[in-house]
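Following: one structure in structure tokens, then a few remarks.
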Amino acid sequence: MDPKSKGSFYVTTPIYYVNDVPHIGHAYTTIAADILARFKRLEGFETFFLTGTDEHGQKVEKAAQERGVDPKAHCDEMVKRFQSLWQRLNISHNDFIRTTELRHRTVVQKILQDLYNRGEIYQKNYEGWYCVPCERFWTEKDLAEGMCPDCHREVFEISEKNYFFRMSKYQSWLIEHIEKNDRFILPQSRRNEILGFLANPLEDLCISRPKKRLKWGIEIPFDTDYVTYVWFDALINYVSGIGYGSGEGSFSHFWPEAIHLIGKDILTTHSVYWPTMLTAIGLAVPKMVFAHGWWTVEGRKMSKSLQNVVEPNRLIDTYGVDAVRYFLMREVPFGLDGDFSDSAMVHRINSDLANDLGNLFSRVLSMAIRYFDGLIPSPSSMAETDHKLQEVSSKVLSQLPQQMNDLSFNKALATLWEIISASNKYVDENAPWSLAKEEKDRPRLSTVLYQTLESLRIIALLLAPFMPSTSEKMWSQLGMEDSLWKQNLKENGKWGGLKPGRKVFKPTPLFPRIDSSKISFEK
Ligand code: MSP
């Protein structure tokens, strides 16, 4: 490990169903993971950020059949939609795992064989109800008026032999683990939900599907008439993606430092199936599973049938990538549900980004060019107001790491905005344009402009994980020569890093104001 490293950090997103058209729900988790990864890298952690796609199962098989193509060829085409969106959203993942890759299939089969050899997996006859769209079994008492309790669609009675993982045997261990580790499942409300679920007997998990019903999956190594249940396959990506079992790669370095970011609907699989699977395999469980809320659109559930699916590509085209990243993280606390509307988005852009940040940046840089030919002036004696501005920024720097560890992205941004507001206030109160009128005020003018330029440098640095391209633009226009991404938050976030005598550049507008009457709000 690098001697300067603060340790290792590993963050994951769910692997998305390859069939889906990426929407803001997918973008949301991936942006959050990206912000966390970028923040940790700037803090000096060796960071691994994994995302990918979930490519097996009935839905993919069916979609491929309908198009008359081979399922793998279908996945190869579909996966590009996610990969190109992550590129547009400036996602800095270290790897992208696809469950159809050999490196993943090998690990899944190895784990299955090992669990089977050790009696953790057994075969029995199963009688119950099956929901095709959800690809899962229900018992008679689970059903809601004879329908699937999750999607409310028709279920089919089946009786078949299948393989089961002895999940029930880990129930009391799991309860104890959750009770002892109050940050294992966050937010608290979700932790309580899982403890409530575990108050009832936990059943063994069916982990196979007969090939006569489904071919598109990872073959069970000890019985070639079966493929692996898609969730058992998918969860393993979190270890196969960092080289588990290959004897090389980053596994020993990053496991079990993992933080799994997920949506609230897939909490049971991540906080019940996954930790019990890991324990049976003989691996430590991840540090944290954080379940975020869901986005609705103008108060309604997002769905294909309502034709209100918010496509991130449209948002990027209309508002720009950083405005999208900012809005999703600022508008709603990460663990709660949120509502998307274009008008809320326009409001945020105009007030926070164009007015507060964009104006500050362009007026300070323009004054530096006008009054000092763009050369960063040297500060002279400091007044109380100068110290105050400095204090705001050091307070923010000290608060951010904890807020980020708590995944309180909206709070972290609100905190960061305190420097922006304090700087705007400072400019207004010190009125550099008046100081520029008299030669005797020149030393004061130098100090005021140095202070505000330095503030902007710190803002650019702290904002970098949230709005990477905006920060890069600010960084280079402030004349900073070292790469933004090589900075260390603690050291370079301290006041005084800006070197007098360097040249700043003519500012280009960061966030032009949006005239909402010119935006067409159609979906
Ligand atoms: N393939 C599984 C995950 C396997 S992880 C080992 C899956 N894929 S998914 O594509 O259906 O969903 C991925 C994520 O998108 C989930 O975390 C889900 O919560 C999230 N969202 C889907 N709709 C959403 C919103 N409307 N709002 C926020 N997130 C939403 O599940």
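The values are calculated or read from the model by the stated rules, or taken from the named source; none is laboratory data. The shown structure was predicted, so the numbers you read here are calculated from the model rather than taken from an experiment. Don't worry about glycine lacking a Cβ; one is built from the backbone with ideal geometry, like all the others, and counts go over all protein chains shown. Accessible surface is based on the protein model in full, side chains and every heavy atom, while ligands, DNA and RNA are left aside. Shrake-Rupley method; radii C 1.70, N 1.55, O 1.52, S 1.80 Å.
Just a few scattered comments:
- Looking only at the range 332-359, and only at residues there that are of a type in the set (S, T, Y) and without any contact (Cβ under 8 Å) to a residue 60 or more places away in the chain, the one that is farthest from L416 (Cα to Cα): S341
- Residues located in the range 129-188, provided they are open to solvent by 60 Å² or more (accessible area, probe 1.4 Å), charged (D, E, K, R) and in a loop (DSSP other than H, G, I, E, B): E145, D150, R153, R166, D182, R183
Conditions (1) over 30 Å from R166 (Cα atoms); (2) of a type outside the set (S, T, Y); (3) modelled with pLDDT of 95 or more, marked per residue:
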{"position": "M277", "(1), (2), (3)": "no, yes, yes"}
{"position": "G282", "(1), (2), (3)": "no, yes, yes"}
{"position": "P286", "(1), (2), (3)": "no, yes, yes"}
{"position": "V297", "(1), (2), (3)": "yes, yes, no"}
{"position": "N308", "(1), (2), (3)": "yes, yes, no"}
{"position": "P312", "(1), (2), (3)": "yes, yes, no"}
{"position": "D322", "(1), (2), (3)": "yes, yes, yes"}
{"position": "D337", "(1), (2), (3)": "yes, yes, yes"}
{"position": "D352", "(1), (2), (3)": "yes, yes, yes"}
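- For the range 420-429, the criterion of a residue being surrounded by 13 or more Cβ atoms within 10 Å (Cβ to Cβ), touching a residue at least 60 places away in the same chain (Cβ under 8 Å) and under 21 Å from K499 (Cβ atoms) is satisfied by at least one position.
- The lone criterion from (1) within 9 Å of the ligand (Cβ to nearest atom); (2) modelled with pLDDT of 95 or more; (3) part of a loop (DSSP other than H, G, I, E, B); (4) not small (G, A, S) left unmet by H26 is number (3).
Let's see how each residue does on (1) over 16 Å from I97 (Cα atoms); (2) open to solvent by less than 10 Å² (accessible area, probe 1.4 Å); (3) assigned to a loop (DSSP other than H, G, I, E, B):
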site: W216; (1), (2), (3): yes, no, yes
site: P221; (1), (2), (3): yes, no, yes
site: D233; (1), (2), (3): no, yes, no
site: V239; (1), (2), (3): no, yes, no
site: G247; (1), (2), (3): yes, no, yes
site: S252; (1), (2), (3): yes, no, no
site: P256; (1), (2), (3): yes, no, yes
site: T269; (1), (2), (3): yes, no, no
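- Number of the exception - I35 against (1) touching a Pro at 6+ places or on another chain (Cβ under 8 Å); (2) open to solvent by 10 Å² or more (accessible area, probe 1.4 Å): (2)
Rundown of residues vs (1) within 12 Å of the ligand (Cβ to nearest atom); (2) surrounded by 15 or more Cβ atoms within 10 Å (Cβ to Cβ); (3) at positive phi, yes/no style:
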{"site": "T296", "(1), (2), (3)": "yes, yes, no"}
{"site": "G299", "(1), (2), (3)": "no, no, yes"}
{"site": "S303", "(1), (2), (3)": "yes, no, no"}
{"site": "E311", "(1), (2), (3)": "no, yes, no"}
{"site": "L315", "(1), (2), (3)": "no, yes, no"}
{"site": "A323", "(1), (2), (3)": "no, yes, no"}
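- The range 499-512, subset closer than 19 Å to L357 by Cα and in contact with a Leu (Cβ under 9 Å, 6 or more places away or on another chain), residue surrounded by the fewest Cβ atoms within 10 Å (Cβ to Cβ): K506
- In summary, M277 fulfils each of the numbered conditions (1) within 20 Å of R103 (Cα to Cα); (2) in a helix (DSSP H, G or I); (3) open to solvent by less than 10 Å² (accessible area, probe 1.4 Å); (4) more than 14 Å from the ligand (Cβ to nearest atom) with the single exception of condition (4).
- The sole residue among G57, G52 that is small (G, A, S), more than 25 Å from R314 (Cα to Cα), within 16 Å of the ligand (Cβ to nearest atom) and under 29 Å from the mean Cα position of the chain (by Cα) is G57.
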